[in-house]
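Only one structure is covered here, and it is reproduced in the block below.
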Amino acid sequence: MSVVALLAEHGSPLWLADVDRARERLAGFRAAWSAVWPDVEISYSYKTNRTTAFLRAFADDDAGAEVVCAAEYALARDIVGVDGARITVNGPAKPDALLARSAADGALVIADSAAELERLALAGVSRVGLRVGLPGPEGHPSRFGIAPAAVVAAGRRARDLGLTLEVLSVHLVSTDFTAALGDERSGTLAANVRVGWAKPPAVHAQAATILARLAAELGVPTIDLGGGLPAAPAVAEHAAAVGEVLLREGFGGRVLLEPGRALVADAVDLALTVVAVKTLADGTVCAVVDGGTDLLPGALWAWPQLEALAPRGRAGTVSSPTLVAGPLCLNIDVVAPAAPLGELAVGDVLIARAVGAYQQVQSTQFGDLRPGVVARDGGTWRIARRREELSDLIISDREEPSWSA
Ligand SMILES: Cc1ncc(COP(=O)(O)O)c(C=O)c1O
């Protein structure tokens with residue numbers, strides 16, 4: 001079914017979620033790691049994209065779930081039916097109710113601080129990990145996890161509390177800070193973020209070395225390298241570099257991985273429709289589309305790749321690049337500053353490519369009602385989430401007469 005036909009049926013904008021491709025990504029990712037290490041466990045990082053079609057496909061294909069809040073835990077356990085023992089609970093702020101559920105289900109809980117271990121013990125959690133807060137490339141400390149020098153003491157404390165210390169974990173986040181987070185002289189935080197992904201294999205290998213040494217010292221069987229990895233086939237280089245150092249370090253345990261974008265980033269496109277074309281005072285050609293940073297908040301950090309579905313462009317002419325702006329009354333609502341799209345007219349369809357990670361989940365109702373999602377599964381497209389309706393906007397509103405307690 002063509003994108004134009006899908007838009008005609010489900011309206012614009014429209015998320016196009018390719019479940020077949022996501023499955024291929026998972027298979028390729030697993031194959032790359034299994035080629036270099038005998039005991040590999042993969043937990044999909046739910047926060048990256050929570051479209052249930054993806055969650056079910058990954059669970060069917062034997063991935064666990066990495067979750068960071070009670071809602072994601074409930075999605076994994078109650079909706080998708082992931083076994084509690086295959087759930088990894090992460091994050092810097094875990095409510096008591098989440099810990100209680102994790103304890104009851106035998107989920108693995110990764111402590112973000114030494115103090116949190118006391119809460120885990122009180123909640124009856126038995127399987128725990130420690131997040132090791134490795135510094136960023138410029139040496140600035142991470143705000144996540146336990147400072148590396150304090151990890152061994154935290155591990156001993158975990159054991160004293162009767163907890164089973166199963167995992168040492170890192171996540172080499174994809175945004176790097178060029179100044180310390182707590183340095184107020186450094187200007188705005190956004191000005192100090194360097195967006196770059198993925199990090200080179202050597203960076204992951206170095207993290208694996210540190211974890212392997214700590215694991216040997218504490219007698220921990222599993223190391224968790226988190227996310228931040230590229231999709232297959234590129235990830236094979238990362239796997240090879242990590243496998244090599246783990247062998248060298250004499251590590252003989254399990255490698256846990258929590259891929260997010262490696263599995264879904266290029267499995268989702270967003271179809272947008274041009275609603276206006278105008279020329280600004282300085283001659284810039286501006287196309288206004290029906291979805292912007294309300295749906296693609298990542299455009300505030302990195303421009304998505306845009307394609308016109310049927311580029312026009314007259315033979316022999318070069319049309320000027322187009323400023324593609326979203327529908328919001330905000331200056332920053334720009335999807336691309338100068339996209340080479342050819343001539344555009346009202347009604348043309350643009351595709352924002354590879355926007356599967358951290359976009360849908362962070363999209364807001366600040367703009368219009370949010371779009372539907374169609375999913376390609378087994379080669380055919382089906383509606384996976386309907387377009388929002390007004391009732392979705394007011395469903396929790398207690399002043400609304402239709403709301404019943
Ligand atoms: C702890 C943890 N693991 C895994 C991921 C997934 O990361 P990525 O999408 O870069 O693979 C994240 C993302 O923020 C995370 O915080």
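What shape does segment 249-313 have by the C-alpha gyration tensor, where a ≥ b ≥ c are the square roots of the eigenvalues, rounded means a/c under 1.5, and otherwise prolate means a/b greater than b/c and oblate the rest?
prolate
Which value, in Å², gives the accessible area per residue of segment 181-256 when a 1.4 Å probe is used on the protein heavy atoms?
48 Å²
Could you check what % of the DSSP bridge pairs in the chain are antiparallel, to the nearest 5?
So the antiparallel bridges amount to about 45 percent of the total.
Percent of accessible area on the chain owned by carbon and sulfur, 1.4 Å probe?
55 percent
DSSP beta bridges in segment 35-259, what fraction antiparallel, as a percent rounded to 5?
If we restrict to bridges inside segment 35-259, about 10 percent are antiparallel.
Per-residue ellipticity at 222 nm for the chain, helices alone: DSSP H runs ≥ 4 residues times -39500 (n - 2.57), over residue total, nearest 500 deg cm²/dmol?
-8000 deg cm²/dmol
In debye to the nearest 20, how big a dipole does the chain give about its Cα centre with +1 on each Lys and Arg Cβ and -1 on each Asp and Glu Cβ?
Roughly 480 debye, rounded to the nearest 20.
Along Cα→Cβ, 7 Å out, is where each label goes; now give me the distance between the ones at E389 and A149 in nm to one decimal.
Reported label-point gap for E389 and A149 is 6.0 nm.
Determine ³J(HN,Hα), in whole Hz, for all residues of segment 131-138 in sequence, where each value follows from phi through the Karplus function 6.51 cos²θ - 1.76 cosθ + 1.60 and θ = phi - 60°; x replaces Gly and Pro.
7, 8, x, 5, x, x, x, 8
Around Y358, what is the net charge, scoring Lys/Arg as +1 and Asp/Glu as -1 over all other residues with Cβ under 9 Å from its Cβ?
Local net charge: +2.
Probe 1.4 Å, all protein chains in place: accessible area of S2 in Å², nearest 10?
Result for S2: roughly 60 Å² accessible.
Would you please state which residues of segment 116-155 a label at D96 would reach in this model, taking the label point 7 Å out along Cα→Cβ and a backbone N cut-off of under 11 Å?
123
Given C-alpha coordinates of the chain, what is the ratio Rg to Rh with the Kirkwood estimate of Rh?
1.00
To the nearest 10 Å², what's D368's accessible area with a 1.4 Å probe?
We get 120 Å² for D368.
So which lysines pass the test for K199, namely a Cα distance under 30 Å, with those fewer than 8 places away in the same chain ruled out?
Qualifying lysines at Cα under 30 Å: K47, K94.
Rounded, prolate or oblate: pick one for segment 35-259, where a ≥ b ≥ c are the square roots of the eigenvalues of its C-alpha gyration tensor, a/c under 1.5 means rounded, and failing that, prolate if a/b is larger than b/c, else oblate.
Rounded shape, in that the Cα axes give a/c under 1.5.
The values are calculated or read from the model by the stated rules, or taken from the named source; none is laboratory data. Fair warning: this is a prediction, and the values are worked out from it, not measured in the lab. As a convention, Cβ positions derive from the backbone with ideal geometry for all residues, glycine included, and neighbour counts pool all protein chains shown. The area values use the complete protein model at the heavy-atom level, side chains included, leaving out ligands, DNA and RNA. Shrake-Rupley method; radii C 1.70, N 1.55, O 1.52, S 1.80 Å.
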